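Chemist: Before I ask anything, here is the structure I am working with.
The values are calculated or read from the model by the stated rules, or taken from the named source; none is laboratory data. Everything numeric here is computed off the predicted structure, so don't read it as measured data. We place every Cβ from the backbone using ideal geometry, glycine too, and count neighbours over all the protein chains shown. SASA here: full protein model, heavy atoms, side chains in, ligands and nucleic acids out. Shrake-Rupley method; radii C 1.70, N 1.55, O 1.52, S 1.80 Å.
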Amino acid sequence: DFYRRYYQPANAILVVGGPVRFEEVVPLVEKWFGSIPSREAPRKDFPREPQQRAGRTRTVHRNAPYPMLLKGWKMPPRLHPDFCAFALPFDLLGNAQSSYFYRELVTGKGLFTDISVTVSGTDGPGILALVARPTDEVDIHEANRQLEELLYNNFQFGPDFVHNLQKVKN
């Protein structure tokens, strides 16, 4: 059986692209990967963290080229039924230059030179991470205050919401 024979080890995936034929690829896969012994995929038993009941803040001072604002929120792992309920809205808010945060805080208010949101798509507990770089003229604490005000108090979807939502879904 092809799949049982070529999907070894159990946690590897091989992708072949280009103008090749199946009959040409199989001998090459066998040549370069056939000697890798099969094994069980490692178990993914992640330790449970204690429930967090309040936000935490840490300020780190380093000799760095510019200040960075990093924010994180816990979220479910990628196979959890609620994963998309977290990931999709934050893709809409902070993924790319057409995102809400970018338009409001970079282009609009000029608080940041860049802002993005990343969602970890891992099998373990997930993290939703926001990374933002304030402009030289803006104090990082003031930039954070205005970001939180936008996020928690003044969030409003504009007239292009339906279009942007469909873009993120696609």
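Per-residue answers, yes or no, for (1) within 30 Å of Pro50 (Cα to Cα); (2) under 11 Å from the mean Cα position of the chain (by Cα); (3) free of Cβ contacts under 8 Å to residues at least 24 places away in the same chain:
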{"residue": "Phe83", "(1), (2), (3)": "yes, no, no"}
{"residue": "Pro89", "(1), (2), (3)": "yes, no, yes"}
{"residue": "Val106", "(1), (2), (3)": "no, no, yes"}
{"residue": "Val119", "(1), (2), (3)": "yes, yes, no"}
{"residue": "Asp123", "(1), (2), (3)": "yes, no, no"}
{"residue": "Gly126", "(1), (2), (3)": "yes, yes, no"}
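Chemist: Now, a different point. Can you tell me which residue in region 115-124 is surrounded by the fewest Cβ atoms within 10 Å (Cβ to Cβ), limited to those that are among the β-branched types (Val, Ile, Thr) and under 17 Å from Leu70 (Cβ atoms)?
Modeler: Checking each candidate, the answer is Thr118.
Chemist: Output the number of residues of region 79-114 satisfying the condition of being surrounded by 15 or more Cβ atoms within 10 Å (Cβ to Cβ), more than 22 Å from Gln166 (Cβ to Cβ) and either at pLDDT below 85 or among the aliphatic types (A, V, I, L, M) (or both).
Modeler: The total comes to 3.
Chemist: State the number of residues belonging to region 27-49 that are over 29 Å from the mean Cα position of the chain (by Cα), at pLDDT below 90 and surrounded by 10 or more Cβ atoms within 10 Å (Cβ to Cβ). Talk me through it step by step, then tell me what you get.
Modeler: Of all residues in region 27-49, those over 29 Å from the mean Cα position of the chain (by Cα) come to 27-39.
Now narrow it down to the ones that are at pLDDT below 90: 29-30, 32-39.
Remaining after also requiring surrounded by 10 or more Cβ atoms within 10 Å (Cβ to Cβ): 29-30, 32-34, 36, 38-39.
Number satisfying all stated conditions: 8.
Chemist: List pairs: first residue in region 12-26 and open to solvent by 100 Å² or more (accessible area, probe 1.4 Å), second residue modelled with pLDDT under 90 anywhere in the structure, Cβ distance under 8 angstrom, at least six positions apart or on different chains.
Modeler: If the second residue must be modelled with pLDDT under 90, the pairs left are Ile13/Tyr7.
Chemist: Next question, about the same structure. Only one of these conditions is not met by Arg53: (1) surrounded by 10 or more Cβ atoms within 10 Å (Cβ to Cβ); (2) within 30 Å of His141 (Cα to Cα). Which number is it?
Modeler: (1)
Chemist: Right, here's the next one. Is it fair to say Ile127 is surrounded by 12 or more Cβ atoms within 10 Å (Cβ to Cβ), in contact with a Lys or Arg (Cβ under 9 Å, 6 or more places away or on another chain) and not hydroxyl-bearing (Ser, Thr, Tyr)?
Modeler: Details: surrounded by 12 or more Cβ atoms within 10 Å (Cβ to Cβ): yes; in contact with a Lys or Arg (Cβ under 9 Å, 6 or more places away or on another chain): yes; not hydroxyl-bearing (Ser, Thr, Tyr): yes.
The answer is yes for Ile127.
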